[in-house]
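Bear in mind that the values in this text are calculations on the coordinates, not laboratory data. Note that this is a predicted model, so its numbers are computed, not measured. Cβ placement follows ideal geometry from the backbone for every residue including glycine, while neighbour counts extend to all protein chains displayed.
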Amino acid sequence: MKICKQCSEEKLLADFHKAPNNKDGKKSTCKVCDSILRRSDRYGFSYEEIIDMFKSGCMVCGGSEKLHIDHDHNCCPGKYTCGNCVRGTLCQKCNQGIGYLNDDPNLLRLAIRYLEK
């Protein structure tokens, strides 16, 4: 067991990434916090701001598994954003579904019509 330096929760060693240079061979932050901290670097939000965003869950289905920060790719193409074009959080499935339809509302409407037939 180990206490995460970010969230202060005691977790199993399996919940920490490897860090061969550390005494116990594990990072000081758990995998969840490590992921949030990496996102804070990428999106320019603080750890606390990202936690608050994730509390609301997926903006489409309400799920809370594998959440991603969604941004307008017309403003910032690719994985990184200026932070001003963040739309909210999406679960992995909703994020991929919208992404495969190229963030195009018209394609989404056509998909809805197709499903309703």
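In the stretch 1-107, what GluC sites (Glu not before Pro) fall in a loop by DSSP, with at most 16 other Cβ atoms inside 10 Å?
Here the sparse-neighbourhood loop sites are 9, 65.
For the stretch 11-53, a Kirkwood radius taken over Cα pairs fed into Stokes-Einstein (10 °C, viscosity 1.306 mPa s) yields D = 143 µm²/s. In summary, the convex hull built on the alpha carbon positions of the stretch 30-77 has an orientation-averaged projected area of 3.8 nm². Between the DSSP loop rule and a limit of at most 14 other Cβ atoms within 10 Å, which chymotrypsin sites (Phe, Trp or Tyr not before Pro) in the stretch 2-92 are left? Hits after loop and neighbour filter: 80.
Remark on residue 88: its backbone amide H falls under 5 Å from those of 70, a criterion applied only to residues 5 or more positions apart or on other chains, H modelled at 1.01 Å from N.
Summing charges over neighbours of residue 87, with a neighbour being any other residue whose Cβ is under 13 Å away from its Cβ, gives -3 when K and R count +1 and D and E count -1.
In a Debye calculation with equal point scatterers on the alpha-carbon sites of the chain and no solvent, what is log10 I(q)/I(0) at q = 0.12, 0.16, 0.20 Å⁻¹? The computed values of log10 I(q)/I(0) come out as -0.55, -0.84, -1.10.
Helix-only arithmetic for the chain: the sum of -39500 (n - 2.57) across DSSP H runs with n ≥ 4, divided by the residue total, places the mean residue ellipticity at 222 nm at -11000 deg cm²/dmol.
Ordering 19, 80, 53 by Cα displacement along the dipole of the chain toward the positive end leaves 19 in first place; charges were set at the Cβ atoms of Lys, Arg (+1) and Asp, Glu (-1).
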